[in-house]
Amino acid sequence: MRENIDIIERHQKSLPGNAPLNCKMCPRLVKFRNSNIEKFPEYFNGPVPAFGTKDAELLIVGLAPGLKGANRTGRPFTGDYAGDLLYPTLLKFDFAKGEYGSRIDDGLSMHKAMITNAVRCVPPQNKTIGEEETNCRPFLIEQIEKTPSIKIILALGGVAHNAVLSTYGEKKSAFKFAHNQTHALSNGLKLIDSYHCSRYNTNTGRLTTEMFEDVFKNIQELLG
């Protein structure tokens, strides 16, 4: 994996709002990162940069990198089950081009879309804490502010939904999370919710492929 560090660094420098690759803001995440470096020295093991284009109209916000997915490969939703659903859907709806091969060097590219996470480092047990979400929020703010082409934000899961609302200072009580719900934010952007495309949600039937594709049909209609 480490032979692809040049690709990761290119992603890190190409878009705004990425955390430094040696970020030390969250002691718990740094401790977990160091333990993973010992256990999985071939993994990326760092703050995962956003993946996408500077003219993105759609910003997809997830929770955090998966241990054996993005934390391994260095690209959001790459190398785990969530990516196996997300990227083919992006390809189907023309938000990506190429072929998804579950690795950072598969040649896949985004089309007027960007993928990022509310928290940039993998958390223990895939669970973030409030302090980490707060520490990472400035990166998300910068990503949004410096990408003025964004029209729609897709939040994958409740944590991402709340992170976007906090970014804009919106009252969470006024924007209840619900699958395929469209919210009109006070700044004119649209926030759309989806259940996270994790194996847990798909295996339990909480999220089906049809349900996930319905979200992207909604997005396409709103973008015209």
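A few comments on the model shown:
- Test: residue in segment 87-103 that is in a loop (DSSP other than H, G, I, E, B), in contact with a strand residue (DSSP E or B) (Cβ under 8 Å, 6 or more places away or on another chain) and open to solvent by less than 10 Å² (accessible area, probe 1.4 Å): no
- Total residues in segment 1-31 satisfying the condition of being part of a helix (DSSP H, G or I), surrounded by 19 or more Cβ atoms within 10 Å (Cβ to Cβ) and modelled with pLDDT of 95 or more: the figure is 1.
- Failed condition for Ala70, given (1) buried (at least 24 other Cβ atoms within 10 Å of the Cβ); (2) without any contact (Cβ under 8 Å) to a residue 24 or more places away in the chain: (2)
- Candidates Gly157, Gly130, Gly188, filtered to the one that is more than 16 Å from the chain's Cα centre (by Cα) and at positive phi: Gly188
- Annotation note: of Asn135, Asn117, the sole residue that is under 18 Å from Cys23 (Cβ atoms), over 15 Å from the mean Cα position of the chain (by Cα) and open to solvent by less than 60 Å² (accessible area, probe 1.4 Å) is Asn135.
- Residue satisfying condition, being open to solvent by 50 Å² or more (accessible area, probe 1.4 Å), hydrophobic (A, V, I, L, M, F, W, C) and touching a residue at least 24 places away in the same chain (Cβ under 8 Å), within set Ile129, Ile153: Ile129
Yes or no, residue by residue, for (1) open to solvent by less than 20 Å² (accessible area, probe 1.4 Å); (2) at pLDDT 95 or above; (3) of a type outside the set (Gly, Ala, Ser); (4) assigned to a strand (DSSP E or B):
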| residue | (1), (2), (3), (4) |
| --- | --- |
| Glu170 | no, yes, yes, no |
| His179 | no, yes, yes, no |
| Gly188 | no, no, no, no |
| Ile192 | yes, yes, yes, yes |
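- Residue check for Phe212: in a helix (DSSP H, G or I), more than 30 Å from Asn34 (Cβ to Cβ) and either touching a Cys at 6+ places or on another chain (Cβ under 8 Å) or acidic (Asp, Glu) (or both): yes
- Top-ranked residue of segment 76-98 - restricted to ones that are touching a residue at least 60 places away in the same chain (Cβ under 8 Å) and hydroxyl-bearing (Ser, Thr, Tyr), ranked as farthest from Thr202 (Cα to Cα): Thr89
The values are calculated or read from the model by the stated rules, or taken from the named source; none is laboratory data. Small disclaimer: the values here were computed from a predicted structure and weren't measured. With ideal geometry, Cβ positions are generated from the backbone for all residues, glycine too; neighbour counts draw on all protein chains shown. When the accessible area is computed, the model is the full protein with side chains, heavy atoms only, and any ligands, DNA or RNA have been set aside. Shrake-Rupley method; radii C 1.70, N 1.55, O 1.52, S 1.80 Å.
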